[in-house]
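The values are calculated or read from the model by the stated rules, or taken from the named source; none is laboratory data. This structure is a prediction, so every number in the text was calculated from the model and none was measured. Cβ: placed from backbone, ideal geometry, glycine included. Neighbour counts: every protein chain shown.
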Amino acid sequence: MNIRHIAKKAGVSVATVSRVLNHPETVALKTRESIEKIIAEAEYTPNWFARGLNFNKTRTIGLMIPQILNPVHMETAKGVEDVAHQKAYTTFMCNVEDDPNKERRYLNQLMQRKVDGIILICSSLEENDFKAAIEQGIPIVLVGGCKVNPGFNMVSVNFQSSAQKAVGHLIDIGHQRVAILCGNSQGVENEEKLRGYKIALEKAGLSSYEPYVMYVENSIEGGYLGAKKLCELKRRPQAIFTTSDMIAFGAMDAIKDQSLSVPADIAVMGFDNVRMSNLVEPKLTTVDMPLHKMGVYGARLLFDIIEGEEAMEEPRTILLQTKLRIRKSCGHKERIGEMF
Amino acid sequence: MMKTEFLGLKMKTPLIVAAGPWNRDGKRLKAALDAGAGAVVTESVVSDIRLDVRPRIAYDGAGAQNIHLYSDIQIEGWERELDIAKSGGGIVIASVSAHTPSEVAYLATKMERFGADAIEISVSNPMGEALEVAASHPQVVFDITKEVVSNVKIPVTVKLSQNTTNISAVAKAVKKAGGAGVSAINSIRCILGVDIETGRPKLSTYGGYSGPPIRPIGLASVATIAQTVDIPISGIGGVENYKNVLEYIMMGASSVQVGTTVMIHGMNRITQIVTELEQWAETKDIESVCQIRGTALRKLKSFDEIKIEPATSTVAGVPCTVDCHKCTSVCMYDAVSKKDGNIFIEKDNCTGCGLCTFVCPAGKLVLNW
């Protein structure tokens, strides 16, 4: 059975079947479903190799993920995959493990496999690493805080102003001694968040206190160990701003283990708003990152280039908005803050 | 035909079907156009769809509360939906909603490419957004509008909200940023009511209030914008018949949008309003909206300009056979009394407040001013 047989059986043109296979989103739902049914019944699969030669496209994209176990990245990855799936593309997911060497190797492998484009989440690669890909004309989109920015299509948020707003909120609700547990992973995100923290303190006329700035591993364990040290300080902080929800979860655990309570003794603020942050007790006040949307936009920018909609003259940047998600872990004066 | 031009688009009638769940896909947009609408606005297209809560639309016979969040069709799917919507011709305006200039601009450029005739930026939804809607901040609206205007070739209008302190400042920002028009007003943040037996609100969170009760607020907003900035306005809020359409036009609108009445009464309501509007225009020999636009606006006065005339209520025909005492019970000045179907006005007591003339169901009282 080939594409002509399918078209004949469905009573449509070969072009329509081709559209179902290549651009399903452009075909009316009813028509698409009936053609897909016939395709499934006939167990017809296009000859992908031939298609690669025909269209000079493999209908595959590469997705580099810093840490596959980190739920933050999984939400973004799902955003990418959601769009790719709609476009009938297959996504190769590469787990980089925060290792630039592994990331570099994966980049080469994806190029050798002739993927049509590559999305990198929070990449720690340098400009030089992309040289070959750029020369081969492989479209690249960067998502989240990446080491290189200019010259690339990218989707991100303003980490600095988001952190500044979050710490500003802690100060507004009465916390004067605010510490930060800052993730020490690669990438620029955490540096920007730290800068935001410092600016918020400065704007409130509070001086920063060195023991309150602590670098920890970006994990629950890292948060636990860091918060434990902060609890043991003679001048214990009233609030801890963390650069990720994972660190915040660990910090809350450590505070409880010290027989202290959140938020009565120490307030804890997260960053990311992963799903679990709404389930822990007390529910975590955090910065809502548009994680899924970042993935969706990363894929959109990539497909705009792959499908030739965008003239590649100027790289496009899409900045998305974060939002302070007020819950219970920092205390608050007004319930209305939780509503919107 | 009562023609109009809005955003540079020539329309056969000023009636537009507004953004909302009733315009959720191509099929419904086309149905609204087929019913006679001059143009249709898509449900607000967003970057990433969110699951709808249940229930999400409540109605109390007067107004509706809606906590529905935007289109559940991803932007990619709107290429197909716009094709369907436009398959019979007609003007389709794409409503897009997002939070940053680059994000709104992305959605707008996509919808332009898919064939939208204009963009309506929604920065004023009262559901699920911040306590202060984005449209409260003229600078934010300016930045978003400017980014969109510089990325698309089709005209751009911005939907404004009464949930803001100074709607005219926002309208000015739209004009300054190159917007071709404004639409006003969006629904107003509300809680429709409380079930006193269960102590539970009618819907589980704050929503947008729409329907006839918000019409006076919409009219005031349109008038305010029209008296502030020279920009085409699409009047929205509580329109349910052709008279309401004319009210908005006479307050300065170039086009008028309906939504809730279509949701409650169906697409036939569009045909009915358009037909009755045509009939009215024919009897008055009016061919274009611009012949009547702003006529009431010019009669809107400041307190200083209002001449205080010694007008009092007068009785226009007796006996009054209606068994009611509304005229006597509303009179705060002990000026109205009623006996055996006769209404008496105590001229010395009547201060000309006019309330009895509005509440009398039989139209037996008048105040000449």
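Summary of values
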| item | result |
| --- | --- |
| Options A:His23, A:His73: the member that is surrounded by 14 or more Cβ atoms within 10 Å (Cβ to Cβ) and in contact with a Pro (Cβ under 8 Å, 6 or more places away or on another chain) | A:His73 |
| Those helices (runs of 4 or more DSSP H) lying entirely in region B:200-272 with at least 3 residues in contact with a Cys (Cβ under 7 Å, 6 or more places away or on another chain) | none |
| Residue in region A:203-214 that is in contact with a Gly (Cβ under 7 Å, 6 or more places away or on another chain), within 18 Å of A:Ile255 (Cβ to Cβ) and crowded, with 24+ Cβ neighbours inside 10 Å present | no |
| Residue ID - nearest to B:Ala85 (Cα to Cα), chosen from residues in region A:21-41 that are at pLDDT below 85 and within 12 Å of chain B (Cβ to nearest Cβ) | A:Ala28 |
| Filtered residues of region A:171-184 (kept if outside any strand (DSSP E or B), touching a helix residue (DSSP H, G or I) at 6+ places or on another chain (Cβ under 8 Å) and modelled with pLDDT of 95 or more) | A:Ile171, A:Arg177 |
| Positions within region A:314-340 being of a type in the set (Val, Ile, Thr) and farther than 20 Å from A:Leu279 by Cβ, in sequence order | A:Thr317, A:Ile318, A:Thr322, A:Ile336 |
| Tally, over region A:262-285, of residues that are charged (D, E, K, R) and under 19 Å from the mean Cα position of the chain (by Cα) | 2 |
| A:Arg327 vs. criteria of a type in the set (Lys, Arg) and within 14 Å of chain B (Cβ to nearest Cβ) | no |
| Looking only at region B:10-23, and only at residues there that are part of a strand (DSSP E or B) and in contact with a Ser or Thr (Cβ under 9 Å, 6 or more places away or on another chain), the one that is surrounded by the fewest Cβ atoms within 10 Å (Cβ to Cβ) | B:Lys10 |
| Candidates A:Gln164, A:Gln109, A:Gln160 - the one that is in contact with a Lys or Arg (Cβ under 7 Å, 6 or more places away or on another chain) and modelled with pLDDT of 95 or more | A:Gln160 |
| Lone unmet requirement of (1) without any contact (Cβ under 8 Å) to a residue 24 or more places away in the chain; (2) within 14 Å of chain B (Cβ to nearest Cβ); (3) part of a loop (DSSP other than H, G, I, E, B) for A:His85 | (3) |
| Options B:Val239, B:Val194, B:Val222, B:Val245; residue that is touching a residue at least 40 places away in the same chain (Cβ under 8 Å) and not charged (D, E, K, R) | B:Val245 |
| Breaking point among (1) out of contact with any helix residue (DSSP H, G or I) (no Cβ under 9 Å at 6 or more places or on another chain); (2) away from chain B (no Cβ under 14 Å); (3) of a type in the set (Gly, Ala, Ser), for A:Ala239 | (1) |
| Residue list for region A:275-309, restricted to those being part of a helix (DSSP H, G or I) and β-branched (Val, Ile, Thr) | A:Val296, A:Ile305, A:Ile306 |
| Residue, nearest to the other protein chains (Cβ to nearest Cβ), within region B:89-124, restricted to residues that are surrounded by fewer than 24 Cβ atoms within 10 Å (Cβ to Cβ) and of a type in the set (Val, Ile, Thr) | B:Thr100 |
| Residues (over 16 Å from A:Ile240 (Cα atoms) and hydroxyl-bearing (Ser, Thr, Tyr)) located in region A:267-303 | A:Tyr297 |
| Check on B:Glu129, surrounded by fewer than 23 Cβ atoms within 10 Å (Cβ to Cβ), in contact (Cβ under 8 Å) with a residue 24 or more places away in the chain, acidic (Asp, Glu) and closer than 24 Å to A:Ser156 by Cα | no |
| Where A:His332 falls short, out of the listed (1) under 24 Å from A:Gly145 (Cβ atoms); (2) within 14 Å of chain B (Cβ to nearest Cβ); (3) outside any helix (DSSP H, G or I) | (1) |
| Residue among B:Ser288, B:Ser221 that is of a type in the set (S, T, N, Q) and under 10 Å from the mean Cα position of the chain (by Cα) | B:Ser221 |
| Filtered residues of region A:187-225 (kept if more than 25 Å from A:Asn70 (Cβ to Cβ), of a type in the set (Lys, Arg) and in contact (Cβ under 8 Å) with a residue 12 or more places away in the chain) | A:Lys203 |
| Test for B:Gly88: is it over 28 Å from B:Ser204 (Cβ atoms) and outside any strand (DSSP E or B) | yes |
| Output for region B:24-59, where each listed residue is surrounded by fewer than 20 Cβ atoms within 10 Å (Cβ to Cβ), in contact with a Leu (Cβ under 6 Å, 6 or more places away or on another chain) and not aliphatic (A, V, I, L, M) | B:Arg50 |
| Residue tally, condition at negative phi and more than 11 Å from chain A (Cβ to nearest Cβ), over region B:54-79 | 17 |
| Subset of region B:307-338 [loosely packed, with under 13 Cβ neighbours inside 10 Å and among the hydrophobic types (A, V, I, L, M, F, W, C)] | B:Ile308, B:Met332 |
| Flag if B:Leu82 is crowded, with 21+ Cβ neighbours inside 10 Å, within 14 Å of chain A (Cβ to nearest Cβ) and at pLDDT 95 or above | yes |
| Answer from B:Ala130, B:Ala116 - the residue that is in a loop (DSSP other than H, G, I, E, B), at pLDDT below 95 and in contact with a strand residue (DSSP E or B) (Cβ under 9 Å, 6 or more places away or on another chain) | B:Ala130 |
| Any hit, region A:110-133, residues being in contact (Cβ under 8 Å) with a residue 24 or more places away in the chain, out of contact with any helix residue (DSSP H, G or I) (no Cβ under 6 Å at 6 or more places or on another chain), within 22 Å of A:Thr242 (Cβ to Cβ) and of a type in the set (D, E, K, R) | no |
| Options B:Lys110, B:Lys30; residue that is touching a residue at least 24 places away in the same chain (Cβ under 8 Å), part of a helix (DSSP H, G or I) and within 23 Å of the chain's Cα centre (by Cα) | B:Lys30 |
| Test: residue in region A:60-68 that is more than 14 Å from chain B (Cβ to nearest Cβ), in a helix (DSSP H, G or I), surrounded by fewer than 19 Cβ atoms within 10 Å (Cβ to Cβ) and not acidic (Asp, Glu) | no |
